[in-house]
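Undergrad: I am attaching a structure below and will ask some questions about it afterwards.
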Amino acid sequence: MKIVICGKGGSGKSTISSLLAKNFVKNGFSVLVVDTDESNFGLHRQLGVDLPPDFMGYYGGKQTVVEKIFQAAPNYDSVSFFDKEWGFADIPPAYLSGNDGVKLVAIGKIHEAGEGCACAMGMMAKQFLGNLKVTPGEVVITDTEAGIEHFGRGIEENADAVLMVIDPSYESLKLAEKVAELSTSIDKPVFFVLNKVDGSSEDFMRDALGGRHAIAAVIPVDPSLALAGLRGDEVEADSADIERLSLFLRDKLAR
Ligand SMILES: Nc1ncnc2c1ncn2[C@@H]1O[C@H](COP(=O)(O)OP(=O)(O)O)[C@@H](O)[C@H]1O
Ligand SMILES: [Mg+2]
């Protein structure tokens, strides 16, 4: 199964991606986390693995990728980086980091001031996900950048479901409505995760969301997660809430 995790900045996308990835590993799945956030340099630490080199390096680096895209103008859709379907085993090991559990691939980061936008990363991420074939024991968790630009880039089109992380804020609730609308427009199921909640914020959020889409999990505000986030520590895998989330996804998306 392929899951895309989205939400506003700081809502807990990378934390939930990491916890979920570790849970799937614990349950015997092969797990690949795809980091499509060009601005995040902390996900690997939450997973407890090294930062892999930018996957775009496999195609000569960002500049080369950008030139290839520009050469195709205005037929951007004709640009194709993959000439055959890949399984997990086809991902070049030099661009993977991991341990005996989770594997991580990072599409590309912004490294220098003035280097240009992240459109090339978006195109590569979309094609990487679309080209990747998963078997029933494999899970791909894609951690995205804040907001909804990745919908514009078409990344969700190559996923089985969208998991929207919502923290207790007006902005997150509004974004959830937009994400639900965008997911529905491309026929992708969308599930909500209420994160960092306590009793009263959970009630308010449930009311505001109005039961229109499934709430896959409710994750309480957890001081140990906050501290891990501050220190850049690996997150701990064991949590009944994450186990429920993982079971929910397996139930909905088993294939
Ligand atoms: N349930 C939670 N309880 C407490 N802190 C959390 C929780 N989920 C995430 N955090 C913290 O919130 C911050 C932002 O989380 P992160 O996963 O990096 O968000 P995003 O990827 O959406 O930007 C981090 O410091 C993280 O540790
Ligand atoms: Mg993040």
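Throughout, read-outs are computed from the coordinates displayed, never taken from laboratory work. As the structure is a computational prediction, the values presented were derived from the model and not from experiment. Glycine also receives a Cβ, built like all others from the backbone with ideal geometry; neighbour counts cover every protein chain displayed.
Undergrad: What residue, of 78, 39, is of a type in the set (S, T, N, Q) and near ligand 2 (Cβ under 10 Å from one of its atoms)?
TA: On the way: 78 fails: near ligand 2 (Cβ under 10 Å from one of its atoms).
39 is the lone residue from the list that is of a type in the set (S, T, N, Q) and near ligand 2 (Cβ under 10 Å from one of its atoms).
Undergrad: When region 112-139 is examined, which residues are found to be in contact (Cβ under 8 Å) with a residue 12 or more places away in the chain, under 21 Å from residue 65 (Cβ atoms) and part of a loop (DSSP other than H, G, I, E, B)? Reasoning before the result, please.
TA: Restricting attention to region 112-139, the residues satisfying the condition of being in contact (Cβ under 8 Å) with a residue 12 or more places away in the chain are 115-116, 118-139.
Filter once more, keeping what is under 21 Å from residue 65 (Cβ atoms): 115-116, 118-132.
Residues satisfying the conditions are 115, 116, 118.
Undergrad: Another question about this same structure. It is to be established whether one or more residues within region 19-41 are within 29 Å of residue 178 (Cβ to Cβ), part of a loop (DSSP other than H, G, I, E, B), out of contact with any Asp or Glu (no Cβ under 8 Å at 6 or more places or on another chain) and within 16 Å of ligand 1 (Cβ to nearest atom).
TA: Checked region 19-41: at least one residue is within 29 Å of residue 178 (Cβ to Cβ), part of a loop (DSSP other than H, G, I, E, B), out of contact with any Asp or Glu (no Cβ under 8 Å at 6 or more places or on another chain) and within 16 Å of ligand 1 (Cβ to nearest atom).
Undergrad: Based on what the data block shows, is residue 91 among the aliphatic types (A, V, I, L, M), closer than 23 Å to residue 43 by Cα and within 15 Å of the chain's Cα centre (by Cα)? Steps first, please.
TA: On the way: among the aliphatic types (A, V, I, L, M): yes; closer than 23 Å to residue 43 by Cα: yes; within 15 Å of the chain's Cα centre (by Cα): no.
No.
Undergrad: Would you say residue 158 is over 26 Å from residue 135 (Cα atoms), of a type in the set (S, T, N, Q) and surrounded by 16 or more Cβ atoms within 10 Å (Cβ to Cβ)?
TA: On the way: over 26 Å from residue 135 (Cα atoms): no; of a type in the set (S, T, N, Q): yes; surrounded by 16 or more Cβ atoms within 10 Å (Cβ to Cβ): yes.
So residue 158 does not fit the description; no.
Undergrad: Right, here's the next one. Keeping to region 158-178, report how many residues are more than 11 Å from residue 11 (Cβ to Cβ) and either in a loop (DSSP other than H, G, I, E, B) or in contact with a Lys or Arg (Cβ under 7 Å, 6 or more places away or on another chain) (or both).
TA: Selection size over region 158-178: 5.
Undergrad: I'd like to verify a number: residues in region 143-164 that are away from ligand 2 (no atom under 16 Å from the Cβ) and more than 14 Å from residue 182 (Cβ to Cβ), how many?
TA: Applying the first criterion (away from ligand 2 (no atom under 16 Å from the Cβ)) to region 143-164 yields 151-154, 156-161.
Add one more test, that the residue is more than 14 Å from residue 182 (Cβ to Cβ), and what stays is 158, 160.
Summing the residues that are away from ligand 2 (no atom under 16 Å from the Cβ) and more than 14 Å from residue 182 (Cβ to Cβ) in region 143-164 gives 2.
Undergrad: Quick one: which of 153, 212, 244, 231 is touching a residue at least 24 places away in the same chain (Cβ under 8 Å), within 16 Å of ligand 1 (Cβ to nearest atom) and of a type in the set (Lys, Arg)? It would help to see each step written out before you state the result.
TA: Values: 153 fails: within 16 Å of ligand 1 (Cβ to nearest atom); 212 fails: within 16 Å of ligand 1 (Cβ to nearest atom); 231 fails: touching a residue at least 24 places away in the same chain (Cβ under 8 Å).
The match here is 244.
Undergrad: Just for region 85-95: of the residues that are touching a residue at least 12 places away in the same chain (Cβ under 8 Å) and out of contact with any Phe, Trp or Tyr (no Cβ under 9 Å at 6 or more places or on another chain), which one is nearest to residue 31 (Cα to Cα)?
TA: 88
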